[in-house]
1. If I ask for residues that are in contact (Cβ under 8 Å) with a residue 40 or more places away in the chain, in a loop (DSSP other than H, G, I, E, B) and open to solvent by less than 20 Å² (accessible area, probe 1.4 Å), which ones from the stretch 1-53 would you list?
2. Looking at the stretch 205-214, is at least one residue of a type in the set (Asp, Glu), surrounded by fewer than 22 Cβ atoms within 10 Å (Cβ to Cβ) and not in a helix (DSSP H, G or I)?
3. What about Leu378, is it in contact with an Asp or Glu (Cβ under 9 Å, 6 or more places away or on another chain) and either open to solvent by less than 40 Å² (accessible area, probe 1.4 Å) or closer than 27 Å to Leu299 by Cα (or both)?
4. With (1) part of a helix (DSSP H, G or I); (2) of a type outside the set (Gly, Ala, Ser); (3) within 15 Å of the ligand (Cβ to nearest atom) as the list, and Gln162 as the residue in question, which single condition is left unmet?
5. Do we have Val152 as more than 15 Å from the ligand (Cβ to nearest atom) and surrounded by 17 or more Cβ atoms within 10 Å (Cβ to Cβ) here?
6. Within the stretch 5-25, is there a residue that is at pLDDT 95 or above and more than 15 Å from the ligand (Cβ to nearest atom)?
7. Exactly one of these conditions fails for Thr318: (1) open to solvent by 20 Å² or more (accessible area, probe 1.4 Å); (2) under 18 Å from Val248 (Cβ atoms); (3) among the polar types (S, T, N, Q). Give me its number.
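The values are calculated or read from the model by the stated rules, or taken from the named source; none is laboratory data. Computed from a predicted structure; not experimentally measured. A quick note on method: Cβ atoms are made from the backbone with ideal geometry, for glycine too, and the neighbour counts reach across all protein chains shown. Heads up: the accessible areas ignore ligands, DNA and RNA and are worked out on the full protein's heavy atoms, side chains in. Shrake-Rupley method; radii C 1.70, N 1.55, O 1.52, S 1.80 Å.
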Amino acid sequence: MRIYKVGGAVRDRLLGKPVTDIDWVVVGATTEEMLAKGFRPVGADFPVFLHPKSGEEYALARTERKSGRGYGGFTFHASPEVTLEEDLIRRDLTINAMAEDDQQNLTDPYHGQRDLEARLLRHVSPAFAEDPLRVLRVARFAARYAGLGFTVAPETLELMRQLSESGELEALTAERSWKEISRALMEDQPQVFIEVLRECGALKVLMPEVDALFGVPQPEAHHPEIDTGVHTLSVLEQAARHKQPLTVRWACLLHDLGKGLTPEAEWPRHIAHEHKGLKLIKAFNERFKAPKDCQELALLVGEYHTHGHRALELKPSTLLELLQSFDIYRRPQRFEEFIAACEMDARGRKGLEQRSYPQADYLRGAANAARAVAVQPLLDKGFKGPELGEAIKRERLKALKAYKDAASA
Ligand code: CTP
């Protein structure tokens with residue numbers, strides 16, 4: 001049996017990037033031989049094993065034929081006769097289809113190294129189409145390596161377009177899609193992920209609500225970039241530049257979905273888009289089964305981002321309602337993430353990327369003022385039950401009035 005390092009580990013070493021995960025391919029072995037050497041099988045019908053000590057993945061060299069629609073519709077053919085070249089040809093991208101032996105000798109039959117140098121994401125063969133998830137994977141790699149100058153090869157983009165039009169993307173499970181989307185959003189240039197999906201027509205299949213934002217104008221006075229789709233991409237870009245967590249990036253992507261619902265006759269204004277967008281945000285959240293913290297923040301940012309921008313003008317009572325909606329007393333982190341998303345929204349505007357965002361500190365100060373209201377004196381006065389709740393609210397309102405007065409003095 002011969003063992004080679006494959007995929008991302010080879011690619012990233014050649015790129016001079018840190019290698020975290022190592023995948024191995026085993027040529028000339030049977031399942032029985034692997035088990036005899038102490039490897040643990042990953043799944044019943046999957047020719048993949050975990051190394052008894054390192055826990056790294058070892059896959060038997062295999063060819064793969066598509067037997068049905070969507071994921072799960074695979075049959076695997078793994079046998080000791082399958083060659084390294086046959087295994088590599090069914091992989092997604094040439095830069096992912098290189099193998100290396102323990103002497104660092106490279107096997108590169110599909111010219112991955114040439115494409116690394118040319119900064120091209122190019123599919124290896126028509127077998128690319130066997131797994132529609134690869135459309136998302138390529139867009140994710142484009143987001144990751146955009147900073148190095150990588151682009152998607154035109155013929156690969158064309159294949160991605162065909163796959164998007166074929167209806168295959170609809171068969172992807174929420175779990176597999178979410179894994180790609182969440183990883184892509186955490187890359188250095190997540191906006192490139194959306195751009196590539198849009199270029200190949202996958203965006204209108206996977207995220208029609210985001211696709212619909214392109215071509216929708218906003219008032220130039222607030223949004224010099226005008227286009228709502230372009231704005232959304234800039235907000236994502238800012239979120240990555242400011243190293244925001246996934247929750248914030250997800251909320252940034254979804255915050256303006258409501259603007260896609262505005263009738264053309266009302267353009268470029270988008271009255272009540274915050275509220276109108278909520279049902280789209282909810283459906284979007286559920287379609288990808290996003291984790292609860294992402295779902296919650298996206299809905300709150302969708303509903304209240306304009307409040308965030310207008311923080312300094314808000315009446316104390318409106319400010320209090322905002323703070324209550326966020327349950328800032330028990331969920332301080334979530335309010336911080338809201339503030340971050342609002343700030344990214346404000347910075348995601350053409351020419352305004354560097355403008356300061358005083359609303360952030362103002363909102364933090366307001367939250368602190370409301371939190372500082374002590375409950376004990378009210379208990380001492382004998383308040384309880386709903387009356388206690390009302391009394392606390394009154395005191396918080398007083399505190400916010402004082403805060404606002406002090407801030408505007
Ligand atoms: N692969 C593929 N098609 C897929 C998934 C994986 O062809 N849908 C192949 C690629 O050769 C890839 C390898 O399996 O390089 C390992 O996959 P994975 O660990 O998912 O990705 P990496 O390329 O290692 O990239 P990452 O850095 O994102 O983990």
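1. Selection gives Gly7, Ala29.
2. Within the stretch 205-214, not a single residue is of a type in the set (Asp, Glu), surrounded by fewer than 22 Cβ atoms within 10 Å (Cβ to Cβ) and not in a helix (DSSP H, G or I).
3. Values: in contact with an Asp or Glu (Cβ under 9 Å, 6 or more places away or on another chain): yes; either open to solvent by less than 40 Å² (accessible area, probe 1.4 Å) or closer than 27 Å to Leu299 by Cα (or both): yes.
In short, yes.
4. That leaves (3) as the condition not met.
5. Values: more than 15 Å from the ligand (Cβ to nearest atom): yes; surrounded by 17 or more Cβ atoms within 10 Å (Cβ to Cβ): yes.
In short, yes.
6. no
7. Of the numbered conditions (1) open to solvent by 20 Å² or more (accessible area, probe 1.4 Å); (2) under 18 Å from Val248 (Cβ atoms); (3) among the polar types (S, T, N, Q), the odd one out for Thr318 is (2).
Condition check ((1) in contact with a Leu (Cβ under 6 Å, 6 or more places away or on another chain); (2) under 29 Å from Lys243 (Cβ atoms)) across all residues:
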| residue | (1), (2) |
| --- | --- |
| Gln162 | no, no |
| Thr173 | no, no |
| Ile181 | no, yes |
| Glu187 | no, yes |
| Gln191 | yes, yes |
